[in-house]
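Student: Right, I'll just put the structure down here and ask away after.
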Amino acid sequence: MKSFTKLFPLILISILFGCIYISPNNQIILSTPTDQSIVQAQTAFEAYEIAKLAAFEWDKSSILYKIPATFIMEQNLGFPVTGEGWFFMFKNPASPLEYYVYIWNSKVSGTTEAQPIYIGDPPDNLNPIDISNLLDSDDIEMIIKTKFNQRSSKYTNLELIYEKSDIYPKWVVYDMSTLPGKVIAIINALNGDIEYNE
């Protein structure tokens, strides 16, 4: 397994978030494998148990706010797109800082602290996520396989988000076979109901 560390400049232009991110410590450090397999080593919530320990070291009051799609984070950070592993975004609700933890192969493979900068008032559109009663990523993958004509999960990537305009968290399913990836389904993270599919 070959890994490497990259240093990124002070300012990162993020297509995903539609804003500029500035790392207070002037760098982002991620260690990323270059020969990842297609199959995830663990589910999102298994990886979360590892990520939250790193987040609590950063801030004991940190809470999970998002599991962003890995392939989008890789694109934004300038890494080769693999879709492997899991990113987690944590926040202390009293602070504008965000903390990202990348889990790969049951280990913390990278972290970074970032502060979004917006023109005008910052959006407050995300609720914190309590995973205790939610469907895990393997449940969503099973739904994809059984309800989308056995569509291969080889090129799908998942994102868990809980926007304030919604009444429950949702799993967003991306097809990353042709970049940029497109949303092929949105699934209720509580009961598995399909809200949208292409």
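The values are calculated or read from the model by the stated rules, or taken from the named source; none is laboratory data. Here the structure is a predicted model, which means the values were calculated and not measured. In this analysis, Cβ positions are derived from the backbone assuming ideal geometry, glycine residues included, and neighbour counts consider all displayed protein chains.
Student: Could you tell me which residue of the stretch 137-172 is modelled with the lowest pLDDT, considering only residues that are crowded, with 16+ Cβ neighbours inside 10 Å, touching a Lys or Arg at 6+ places or on another chain (Cβ under 8 Å) and part of a helix (DSSP H, G or I)?
Tutor: Going through the qualifying residues, I end up with SER153.
Student: Another one. Could you check the stretch 96-108 and list, in sequence order, the residues that are surrounded by 20 or more Cβ atoms within 10 Å (Cβ to Cβ) and either in contact (Cβ under 8 Å) with a residue 40 or more places away in the chain or not in a strand (DSSP E or B) (or both)?
Tutor: Listed by number, the residues that qualify are TYR99, VAL101, TYR102, ILE103, TRP104.
Student: Look at the stretch 55-83 and say how many of its residues are among the aliphatic types (A, V, I, L, M) and surrounded by fewer than 19 Cβ atoms within 10 Å (Cβ to Cβ).
Tutor: 2
Student: Could you identify the single residue in GLU49, GLU57, GLU74 that is modelled with pLDDT under 95 and acidic (Asp, Glu)?
Tutor: GLU74
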